[in-house]
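The values are calculated or read from the model by the stated rules, or taken from the named source; none is laboratory data. As the structure is a computational prediction, the values presented were derived from the model and not from experiment. With ideal geometry, Cβ positions are generated from the backbone for all residues, glycine too; neighbour counts draw on all protein chains shown.
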Amino acid sequence: MPALYVATNGLSVWSSNDLGQTIGRLPSSTGMYSGSQVWSLACSPHEPRAVFAGTDSGIYRMESGSAQWTAIASLPDADLVTAIAFDPANSDVMLAGTQPAGLHRSDDRGRTWKRLDTGIKPYVTSGFYAGDHAATTAVQETSDVKHWARVTDIVFDPADPRIVMAGVEIDGAWRSTDGGHSWKRVEKGLVTDDIHGFSVVHDKAGKPRFFATTCDGLHSSDDDGASWHLQPLDSPWQYTRSVRQRTDRSGVVFLTNGNGPPGTDGRLYRSRDYGHAWENVALPVEPESSVYFMATHPADPNLIFVATNLGQIFRSIDGGETWSVIPRRLPEVRALVWLPN
């Protein structure tokens with residue numbers, strides 16, 4: 001049976017080997033503290049049986065089926081590893097995003113890391129900043145308070161790994177055209193600096209379409225992420241979090257939506273034409289918070305998991321046509337992946 005992994009904010013990683021019918025927290029004896037904040041999970045195209053976790057104590061790796069985490073890196077000047085990505089053309093290259101916001105690169109499979117000079121702000125003001133010593137300073141009611149920015153997602157174009165996108169909450173979209181060595185901020189067409197995630201969808205001819213999810217709506221790009229346009233949803237809310245293409249590349253794409261963080265309501269949307277038109281998907285119970293995350297895998301395009309921010313998890317075994325709800329409710333979910341055993 002496939003192995004499902006779910007990251008939580010403060011209760012480490014949970015796992016299931018029966019499609020989520022039963023799911024349990026991985027204890028500290030597996031190598032990661034069971035009270036960890038885990039905000040990112042990722043699978044490498046070069047290690048199909050491994051899952052990587054970004055946490056408040058660095059990056060961990062687990063071989064599917066081993067039930068043992070190995071700490072592989074702690075990143076300098078980073079409180080939390082919030083995004084992990086792998087160069088699909090080079091098994092030695094890993095990128096990691098952090099909070100405070102920054103991008104880090106490894107060219108030796110995670111053994112050593114360097115912080116990239118990108119210009120990304122480690123924190124933003126946006127009505128929150130009260131100075132570098134805000135935590136120990138009495139803050140006036142009219143003062144700004146420091147708000148740490150964080151990297152929410154890093155995505156390589158699998159067909160052209162020179163193109164990489166990184167999103168920052170709240171410091172905009174960043175683009176690399178040299179495989180992640182150098183970065184420039186992208187603003188054209190984006191209506192907000194609050195970037196939640198990216199995805200690259202290729203049609204049957206191989207033409208890429210990039211998607212960016214934000215607090216103010218879904219954006220798409222037909223020029224490799226250089227410019228964007230807003231794509232309004234037929235939804236009461238424009239808050240979006242994740243886009244995933246079904247791995248059979250049949251044109252079916254899914255999008256998560258809700259009424260804010262963490263929200264009190266949410267929706268899952270489906271497109272059957274590579275993300276041009278969207279329809280609301282009927283879930284078996286009403287989401288009680290915004291729908292946030294998805295997990296797909298090329299080993300089985302029909303198996304898809306979807307999670308809300310506050311712990312409801314849904315499963316489809318027919319490519320997203322019908323859905324069931326996993327019995328156990330989890331704490332705040334920050335990421336999920338599944339791997340074939």
Hits in region 194-214 (condition: assigned to a loop (DSSP other than H, G, I, E, B) and touching a residue at least 40 places away in the same chain (Cβ under 8 Å)): 203, 204, 206
Tally of residues being in a strand (DSSP E or B), of a type in the set (S, T, N, Q) and more than 11 Å from residue 13 (Cα to Cα) across region 39-71: 2
- prompt: What are the pairs, 6+ residues apart or on separate chains, where a residue within region 13-26 that is over 17 Å from residue 335 (Cβ atoms) has its Cβ under 8 Å from a residue that is assigned to a strand (DSSP E or B)?
  reply: 17/3; 17/4; 19/4; 19/315; 22/16; 24/14; 24/15; 24/16
task: Scan region 194-201 and give yes if some residue there is within 19 Å of residue 277 (Cα to Cα), surrounded by 15 or more Cβ atoms within 10 Å (Cβ to Cβ), polar (S, T, N, Q) and over 17 Å from the mean Cα position of the chain (by Cα), otherwise no.
output: no
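Residues checked against (1) in contact with a strand residue (DSSP E or B) (Cβ under 8 Å, 6 or more places away or on another chain); (2) aliphatic (A, V, I, L, M):
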| site | (1), (2) |
| --- | --- |
| 206 | no, no |
| 219 | yes, no |
| 222 | yes, no |
| 226 | yes, yes |
| 229 | yes, no |
| 236 | no, no |
| 243 | yes, yes |
| 251 | yes, no |
Selected residue (only one of 164, 139 is surrounded by 22 or more Cβ atoms within 10 Å (Cβ to Cβ) and either at pLDDT below 95 or in contact with a Phe, Trp or Tyr (Cβ under 8 Å, 6 or more places away or on another chain) (or both)): 164
task: Kindly establish whether residue 81 is closer than 17 Å to residue 114 by Cβ, among the aliphatic types (A, V, I, L, M) and under 20 Å from the mean Cα position of the chain (by Cα).
output: yes
query: For the subset of region 57-71 comprising residues that are farther than 16 Å from residue 6 by Cα and under 20 Å from the mean Cα position of the chain (by Cα), which member is surrounded by the most Cβ atoms within 10 Å (Cβ to Cβ)?
result: 58
query: Within region 167-186, how many residues are surrounded by fewer than 22 Cβ atoms within 10 Å (Cβ to Cβ) and more than 21 Å from residue 241 (Cβ to Cβ)?
result: 8
message: Report every pair of residues separated by at least 6 positions or lying on different chains whose Cβ atoms are under 8 Å apart, first residue within region 227-242 and over 22 Å from residue 305 (Cβ atoms) and of a type in the set (Asp, Glu), second part of a loop (DSSP other than H, G, I, E, B) and modelled with pLDDT of 95 or more.
response: 234/278
query: Taking the stated definitions as given, is residue 254 in contact (Cβ under 8 Å) with a residue 60 or more places away in the chain, hydrophobic (A, V, I, L, M, F, W, C) and buried (at least 19 other Cβ atoms within 10 Å of the Cβ)?
result: yes
message: So if I check each of 100, 76, 88, which one is in contact with a strand residue (DSSP E or B) (Cβ under 7 Å, 6 or more places away or on another chain), modelled with pLDDT of 95 or more and either over 16 Å from residue 42 (Cβ atoms) or surrounded by fewer than 17 Cβ atoms within 10 Å (Cβ to Cβ) (or both)?
response: 88
- prompt: Only one of (1) in a loop (DSSP other than H, G, I, E, B); (2) farther than 23 Å from residue 184 by Cα; (3) over 17 Å from the mean Cα position of the chain (by Cα); (4) of a type outside the set (S, T, N, Q) is not met by residue 262, so which one is it?
  reply: (3)
task: Check region 179-189 and report whether any residue there is acidic (Asp, Glu) and in contact (Cβ under 8 Å) with a residue 60 or more places away in the chain.
output: no
